[in-house]
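The values are calculated or read from the model by the stated rules, or taken from the named source; none is laboratory data. What you see is a predicted model, and the numbers here were worked out from it, not measured in a lab. So basically every Cβ, Gly included, is an ideal-geometry build from the backbone, and we count neighbours across all protein chains shown.
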Amino acid sequence: MPIALRLVPDGVSAHQVDVVPMFLVRHGNAITGFLNGLPPRRTFVVCGDAFVDQTGGGRWDLAGRPSNSTAERDLDQVAADVVGGRVRVFPQRITQPAGERTPPFIPRLPPGWERTALSPTNC
(Lines give C-alpha, C1' and ligand atoms only; values in the text may rest on other atoms or scores of the structure.)
Protein backbone atom coordinates (compact mmCIF):
# COMPACT_ATOMS: atom_id res chain seq x y z
CA MET A 1 0.00 0.00 0.00
CA PRO A 2 1.55 3.35 -1.02
CA ILE A 3 2.40 6.00 1.58
CA ALA A 4 1.75 9.67 0.82
CA LEU A 5 5.15 11.34 0.33
CA ARG A 6 4.09 14.21 2.60
CA LEU A 7 3.78 11.69 5.47
CA VAL A 8 7.40 10.54 5.11
CA PRO A 9 9.67 13.10 6.82
CA ASP A 10 13.01 14.21 5.40
CA GLY A 11 15.74 12.10 6.95
CA VAL A 12 15.04 8.67 8.47
CA SER A 13 11.70 7.12 9.37
CA ALA A 14 10.84 3.58 10.50
CA HIS A 15 8.07 1.49 8.94
CA GLN A 16 6.62 -2.00 8.93
CA VAL A 17 5.39 -2.97 5.45
CA ASP A 18 3.69 -6.36 5.38
CA VAL A 19 5.89 -8.16 7.93
CA VAL A 20 9.13 -6.47 6.87
CA PRO A 21 10.67 -3.89 9.26
CA MET A 22 12.53 -1.18 7.38
CA PHE A 23 13.89 2.32 7.44
CA LEU A 24 13.11 4.85 4.73
CA VAL A 25 15.66 7.60 4.11
CA ARG A 26 14.20 10.62 2.33
CA HIS A 27 16.14 13.40 0.62
CA GLY A 28 13.62 15.66 -1.13
CA ASN A 29 11.67 13.41 -3.48
CA ALA A 30 14.23 10.58 -3.37
CA ILE A 31 13.57 7.55 -1.12
CA THR A 32 15.94 4.73 -0.21
CA GLY A 33 14.72 1.77 1.84
CA PHE A 34 16.87 -0.37 4.14
CA LEU A 35 15.93 -3.64 5.80
CA ASN A 36 16.13 -3.46 9.60
CA GLY A 37 17.98 -6.73 9.86
CA LEU A 38 21.35 -8.24 9.02
CA PRO A 39 22.46 -11.87 9.39
CA PRO A 40 22.83 -13.60 11.70
CA ARG A 41 20.32 -11.78 13.98
CA ARG A 42 21.21 -8.11 14.14
CA THR A 43 18.83 -5.16 14.10
CA PHE A 44 19.47 -1.42 14.14
CA VAL A 45 18.58 1.86 15.75
CA VAL A 46 19.20 5.34 14.38
CA CYS A 47 21.73 7.45 16.26
CA GLY A 48 22.04 10.89 14.70
CA ASP A 49 23.18 10.33 11.12
CA ALA A 50 23.97 6.62 11.44
CA PHE A 51 22.37 3.20 11.68
CA VAL A 52 23.84 1.40 14.72
CA ASP A 53 23.86 -2.27 15.68
CA GLN A 54 23.70 -1.94 19.47
CA THR A 55 24.73 -5.57 20.05
CA GLY A 56 27.78 -5.67 17.77
CA GLY A 57 28.80 -2.01 17.59
CA GLY A 58 28.60 -1.72 13.80
CA ARG A 59 27.79 1.68 12.29
CA TRP A 60 26.53 2.55 8.81
CA ASP A 61 25.91 5.94 7.24
CA LEU A 62 22.45 6.87 5.97
CA ALA A 63 23.41 5.54 2.52
CA GLY A 64 23.83 2.08 4.11
CA ARG A 65 27.65 2.03 3.80
CA PRO A 66 29.88 0.80 6.66
CA SER A 67 31.41 3.60 8.68
CA ASN A 68 33.47 1.58 11.17
CA SER A 69 35.44 -1.68 11.16
CA THR A 70 32.75 -3.82 12.82
CA ALA A 71 30.28 -3.03 10.01
CA GLU A 72 31.59 -5.55 7.51
CA ARG A 73 29.24 -4.92 4.57
CA ASP A 74 26.58 -2.61 3.16
CA LEU A 75 23.03 -2.84 4.49
CA ASP A 76 20.37 -4.72 2.51
CA GLN A 77 18.18 -2.37 0.48
CA VAL A 78 14.41 -2.62 0.09
CA ALA A 79 13.10 -1.40 -3.27
CA ALA A 80 11.15 1.86 -3.03
CA ASP A 81 10.17 4.64 -5.41
CA VAL A 82 8.03 7.75 -5.61
CA VAL A 83 5.25 7.99 -8.19
CA GLY A 84 2.66 10.75 -8.25
CA GLY A 85 3.45 11.96 -4.73
CA ARG A 86 3.16 8.45 -3.26
CA VAL A 87 5.93 6.26 -1.89
CA ARG A 88 5.73 2.69 -3.11
CA VAL A 89 7.68 0.10 -1.13
CA PHE A 90 8.35 -3.41 -2.41
CA PRO A 91 9.31 -5.52 0.64
CA GLN A 92 9.66 -8.67 -1.45
CA ARG A 93 12.47 -7.01 -3.48
CA ILE A 94 15.55 -6.95 -1.25
CA THR A 95 18.94 -6.17 -2.79
CA GLN A 96 22.04 -7.42 -1.01
CA PRO A 97 25.64 -6.33 -1.58
CA ALA A 98 27.45 -8.00 -4.48
CA GLY A 99 28.82 -11.39 -3.51
CA GLU A 100 26.65 -11.80 -0.40
CA ARG A 101 25.48 -15.39 -0.10
CA THR A 102 23.59 -15.31 3.21
CA PRO A 103 19.80 -14.97 2.82
CA PRO A 104 18.35 -11.69 4.14
CA PHE A 105 17.40 -11.67 7.82
CA ILE A 106 13.85 -10.39 8.30
CA PRO A 107 13.32 -10.09 12.05
CA ARG A 108 9.98 -10.28 13.82
CA LEU A 109 10.02 -7.13 15.94
CA PRO A 110 7.57 -6.22 18.73
CA PRO A 111 4.86 -3.60 18.24
CA GLY A 112 6.24 -0.10 18.74
CA TRP A 113 9.76 -0.94 17.54
CA GLU A 114 9.54 2.03 15.16
CA ARG A 115 9.52 4.55 18.05
CA THR A 116 12.35 2.93 19.98
CA ALA A 117 14.50 2.51 16.85
CA LEU A 118 14.32 6.25 16.18
CA SER A 119 14.89 7.39 19.76
CA PRO A 120 17.23 4.89 21.41
CA THR A 121 18.29 5.45 25.00
CA ASN A 122 21.97 4.64 24.39
CA CYS A 123 23.76 5.54 21.18
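Reported count of residues in region 1-33, each being farther than 22 Å from Asp76 by Cβ and basic (Lys, Arg), is 1. Of all residues in region 73-91, one or more are closer than 23 Å to Cys123 by Cα and over 12 Å from the mean Cα position of the chain (by Cα). Filter region 99-119 down to residues that are over 18 Å from Leu35 (Cβ atoms) and either touching an Asp or Glu at 6+ places or on another chain (Cβ under 9 Å) or of a type outside the set (D, E, K, R) (or both), then give me how many there are. Count: 3. Among the residues of region 54-80, just one is of a type in the set (Val, Ile, Thr), surrounded by fewer than 18 Cβ atoms within 10 Å (Cβ to Cβ) and touching a strand residue (DSSP E or B) at 6+ places or on another chain (Cβ under 7 Å), namely Thr55. Of all the criteria given as (1) within 14 Å of the chain's Cα centre (by Cα); (2) under 24 Å from Asn122 (Cα atoms); (3) in contact (Cβ under 8 Å) with a residue 12 or more places away in the chain; (4) surrounded by 13 or more Cβ atoms within 10 Å (Cβ to Cβ), the one not satisfied by Asp49 is (4).
So which of Pro91, Pro120, Pro103, Pro110 ends up being more than 18 Å from Val25 (Cβ to Cβ) and in contact (Cβ under 8 Å) with a residue 24 or more places away in the chain? Only one candidate passes the filter, namely Pro103. Summed over region 72-114, the residues that are modelled with pLDDT under 90 and either more than 19 Å from Val20 (Cα to Cα) or of a type in the set (Phe, Trp, Tyr) (or both) give a count of 5.
Contact map, region 27-42: first residue crowded, with 24+ Cβ neighbours inside 10 Å, second residue of a type in the set (Asp, Glu), Cβ cut-off under 6 Å, separation 6 or more or different chains; pairs are Leu35/Asp76.
So is Thr70 closer than 14 Å to Asn36 by Cα and hydroxyl-bearing (Ser, Thr, Tyr) or not? Break it down into steps so the answer makes sense when it comes.
Values: closer than 14 Å to Asn36 by Cα: no; hydroxyl-bearing (Ser, Thr, Tyr): yes.
Taking the combined requirement at face value, the residue does not satisfy it.
Among the residues making up region 1-25, those that are in contact (Cβ under 8 Å) with a residue 24 or more places away in the chain and charged (D, E, K, R) are Arg6, Asp18.
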